[in-house]
Amino acid sequence: MRVPARELTPPTRELVPRRQLLEEFRLSDSSERRKRQGNEDWPPHLCIGARIFYRRSAVDDYLRRQEAICQTRRTGGIDDEAMRAVLQRVRDLAEDAPELNRQQVTLLQSLFAKTGGGDKA
């Protein structure tokens with residue numbers, strides 16, 4: 001069965017070229033490079049040839065996390081969507097982390113209990 005052409009989308013449609021991201025965020029070339037190569041919270045990137053791209057969905061997730069941080073600082077609270085974005089990032093990082101020992105688990109449980117941290121790890 002043939003798929004109509006209007007339903008086909010190129011796989012790169014969701015990709016944001018690095019230069020476009022620099023313009024959108026008003027970042028210098030060196031700032032973006034430091035964030036991309038450092039250990040900061042920054043959207044994952046991919047290389048196609050010599051060019052660097054970001055997935056629009058990853059950039060949007062990053063912006064939601066930044067918004068959550070700002071909301072927490074400004075109001076002392078966080079909205080549900082922002083909290084979901086933060087928790088998803090925590091889950092993503094946890095998948096790559098080594099297993100916690102009993103003392104670490106106890107510490108995290110007490111922190112979640114004190115802050116009303118939503119989902120339990």
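Taking each residue as 0.36 nm, the span from L63 to A97 lengthens on full extension beyond its C-alpha to C-alpha distance by 9.9 nm.
The packing ranking, built from the mean of other Cβ atoms within 10 Å per residue, places the peptides 57-69, 89-101 in the order 57-69, 89-101, highest first. Computed from backbone phi, the HN-Hα couplings of region 34-41 come to 4, 5, 5, 8, x, 9, 6, 5 Hz, rounded to whole numbers (Karplus: 6.51 cos²θ - 1.76 cosθ + 1.60, θ = phi - 60°; Gly and Pro given as x). Extension gain, Q88 to L111: 0.36 nm times the residue separation minus the Cα-Cα distance gives 6.5 nm.
A simple rule links phi to the HN-Hα coupling: the Karplus curve 6.51 cos²θ - 1.76 cosθ + 1.60 with θ = phi - 60°, which for region 82-91 gives 5, 4, 4, 5, 5, 4, 5, 5, 4, 4 Hz, with x for Gly and Pro.
Between the amide H of H45 and any residue lying 5 or more places away or on another chain, no distance stays under 5 Å, with hydrogens modeled in the peptide plane. If R0 is 35 Å, the Cβ-Cβ spacing of S28 and I48 corresponds to a FRET efficiency of close to 0.95.
Taken together, the values in this text are just the output of simple stated rules run on the coordinates, not laboratory data. Worth saying up front: this structure is predicted, and the values here are computed from it rather than measured. Please note: Cβ atoms are built from the backbone with ideal geometry, for glycine as well, and neighbour counts cover all protein chains shown.
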